[in-house]
Amino acid sequence: AAGLWTVFTLGGVGSKASAQLEQCSPLASQSLLLLLIFFYFLVSDNTAFSSSNPHTFQINFNSLYTALCEQQKSDQATLLLYMLLHQNSNVRTYVLARTDIENLV
């Protein structure tokens, strides 16, 4: 089990980068964690999408992609990217259409 945990945490490398991100930008770190919490509850509670008048908002995928590329050493950013790719077909389509996907990988 310890070996599997090491694979998921990248041997602790992501944790060190997360600590560095939190020290240099605590607001960004807390905002990212808040986004993960919101995203988790939206995915786990499908009744939130059953409203006849859903609230919509626009997001700049280019800015999101750039921010995620810059923060891929953070466990939280990697988890957010994973959740977005698997749960949001618009994000998945945008990322697959990018010609500079090596920046993300």
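The values are calculated or read from the model by the stated rules, or taken from the named source; none is laboratory data. Model, not experiment: these values are computed from the prediction. No Cβ is skipped: glycine too gets one built from the backbone with ideal geometry, and neighbour counts run over all protein chains shown. Ligands, DNA and RNA are excluded from the accessible area calculation, which covers all protein heavy atoms including side chains. Shrake-Rupley method; radii C 1.70, N 1.55, O 1.52, S 1.80 Å.
A single member of A48, A19, A2, A67 is among the small types (G, A, S), on the phi < 0 side of the Ramachandran plot, modelled with pLDDT under 90 and under 14 Å from the mean Cα position of the chain (by Cα), and it is A67.
Every residue, every condition in (1) closer than 22 Å to L27 by Cα; (2) out of contact with any helix residue (DSSP H, G or I) (no Cβ under 6 Å at 6 or more places or on another chain); (3) open to solvent by 60 Å² or more (accessible area, probe 1.4 Å), yes or no:
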{"site": "F61", "(1), (2), (3)": "yes, no, no"}
{"site": "L64", "(1), (2), (3)": "yes, yes, no"}
{"site": "Q71", "(1), (2), (3)": "yes, no, yes"}
{"site": "R92", "(1), (2), (3)": "no, no, yes"}
{"site": "L96", "(1), (2), (3)": "no, yes, yes"}
